[in-house]
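A quick write-up on the structure given underneath.
Laboratory data are not the source of any read-out in this text; all were calculated from the coordinates shown. Every value quoted in this text rests on a predicted model; they were computed, and no experiment measured them. Cβ sites come from the backbone with ideal geometry, for glycine too, and all protein chains shown count toward neighbours.
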Amino acid sequence: MTSERNGRLALVGVGRMGAAMATGWLRKSRGGVPADRLIFIDPGLEGPAADLAREHGVTHLASLDAKTAKSVDTLILAVKPQVMEKVLPALSEVVREDTLIISVAAGIGLRTFEKAFPGRPIVRNMPNVPGAIGKGINVAIANARADELGLRKQAETLLKVTGPVEWLEEERLMGAATGVSGSGPAYVFLMAEALARAGEAEGLPADLAERLAVATVAGAGAMLEKSLKDGSANAAELRRSVTSPKGTTQAALDVLMGEGGLPSLIHKAVAAAEKRSRELGSGEKK
Ligand SMILES: NC(=O)C1=CN([C@@H]2O[C@H](COP(=O)(O)OP(=O)(O)OC[C@H]3O[C@@H](n4cnc5c(N)ncnc54)[C@H](O)[C@@H]3O)[C@@H](O)[C@H]2O)C=CC1
Ligand SMILES: O=C(O)[C@@H]1CCC=N1
């Protein structure tokens, strides 16, 4: 069997994450996926996903029928973990024996998909929303069948359109990765919100405070990325470069890095996400 995948790619669940990935794939500049290879499967397509389908002419179906499934060699599952098990039986009846299954659902383990799709190659991936602009990161693990068929590389070719792929060998680490990079963009957006609110509370006009906060988060992120790439500095070194002894930053960091400050709060937050990931995987879905 060849590992070449030139068939269609069905994305099941085109909500926030599905639409972010599809946006990344449809960006031709990054060697993306041609619109006529993609099929959106979602009974409630709306918002950005509906716009994407319309703008690019992507086929949209409410469910995957047996005839269409014959043309699908890659199935991406991007529904909520809470509905995943309801969605799997109907899909398992129609997908081909050699279809590569990729799930991006938090918490749901390879074993669940191996039960639903016996003998199929499966990749569990944790993407994040900056993938929509090619600035995402993926953390993935492949089952043995995917490796037997040499499909890890094939999955990576697809996933890396949205950002690099880090492969894990131990599935138990997926929860921690989810807490860092899957959920992580929300922490950074919260930082931008909090910074803007704080500026406003200290007297800045709201719109100016927001512009300053957004430019600061975006600029610091871009600088960190560049400095890591060229090897000039890491995050701690960049932080120290802003911090003049006895200056304003030192005064602020004494608050942020004091007892119970940001580092310990972030650790608690990532640990909570990791725990929730395990709960979602074990069926505690509420
Ligand atoms: N939102 C994020 O930043 C990230 C989400 N994920 C994972 O992505 C998955 C989706 O999350 P979101 O996009 O945030 O949720 P969402 O609620 O925005 O999207 C879920 C989509 O699934 C559709 N859907 C529901 N039942 C369906 C069915 N039977 N067949 C096909 N589609 C169906 C809904 O209409 C909706 O469009 C989750 O498993 C989540 O863990 C992973 C990484 C990041
Ligand atoms: O909040 C969630 O459960 C999903 C998974 C990672 C980011 N969003």
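Scoring K135 on the criteria (1) more than 16 Å from ligand 2 (Cβ to nearest atom); (2) surrounded by fewer than 19 Cβ atoms within 10 Å (Cβ to Cβ) leaves a single failure, condition (1).
Table: residues versus (1) among the hydrophobic types (A, V, I, L, M, F, W, C); (2) within 27 Å of V214 (Cα to Cα).
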| position | (1), (2) |
| --- | --- |
| I122 | yes, no |
| K135 | no, yes |
| N138 | no, yes |
| A155 | yes, no |
| R172 | no, no |
| F189 | yes, yes |
| A192 | yes, yes |
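Within the stretch 38-55, if we keep just the residues that are surrounded by 14 or more Cβ atoms within 10 Å (Cβ to Cβ) and assigned to a loop (DSSP other than H, G, I, E, B), the residue that is farthest from ligand 1 (Cβ to nearest atom) turns out to be L45. The condition of being within 16 Å of ligand 2 (Cβ to nearest atom) and either without any contact (Cβ under 8 Å) to a residue 24 or more places away in the chain or over 14 Å from the mean Cα position of the chain (by Cα) (or both) holds for M84.
Considering the stretch 113-129, and only residues there that are closer than 12 Å to S92 by Cα and not basic (K, R), the residue that is farthest from ligand 1 (Cβ to nearest atom) turns out to be G119. Can you spot a residue in the stretch 71-82 that is more than 23 Å from V161 (Cα to Cα) and of a type outside the set (V, I, T)? Scanning the stretch 71-82 turns up at least one residue that is more than 23 Å from V161 (Cα to Cα) and of a type outside the set (V, I, T). Based on this model, can you work out whether L228 counts as under 28 Å from L173 (Cβ atoms), touching a helix residue (DSSP H, G or I) at 6+ places or on another chain (Cβ under 6 Å) and not small (G, A, S)? No. Among the candidates V14, V72, V58, V33, the residue that is under 17 Å from the mean Cα position of the chain (by Cα) and either under 27 Å from A142 (Cβ atoms) or surrounded by 19 or more Cβ atoms within 10 Å (Cβ to Cβ) (or both) is uniquely V14. In the stretch 133-162, what residues are in contact (Cβ under 8 Å) with a residue 60 or more places away in the chain and within 17 Å of E225 (Cβ to Cβ)? If the condition is that a residue be in contact (Cβ under 8 Å) with a residue 60 or more places away in the chain and within 17 Å of E225 (Cβ to Cβ), then I133, G134, G136, T162 are the ones that fit.
Report whether or not V161 is part of a loop (DSSP other than H, G, I, E, B) and within 20 Å of T74 (Cβ to Cβ).
Judged against the criteria, V161 is a match.
Out of the residues in the stretch 114-128 meeting the condition of being under 24 Å from W25 (Cα atoms) and more than 16 Å from ligand 2 (Cβ to nearest atom), tell me which one is surrounded by the fewest Cβ atoms within 10 Å (Cβ to Cβ). Out of the qualifying residues, it is R120. Candidates are the residues of the stretch 13-37 that are farther than 17 Å from V104 by Cα and not in a loop (DSSP other than H, G, I, E, B); the one that is farthest from ligand 2 (Cβ to nearest atom) is D36. Considering only the stretch 86-104, I want to know if a residue exists there that is acidic (D, E), more than 9 Å from ligand 1 (Cβ to nearest atom), within 26 Å of I141 (Cα to Cα) and not in a helix (DSSP H, G or I). Checked the stretch 86-104: at least one residue is acidic (D, E), more than 9 Å from ligand 1 (Cβ to nearest atom), within 26 Å of I141 (Cα to Cα) and not in a helix (DSSP H, G or I).
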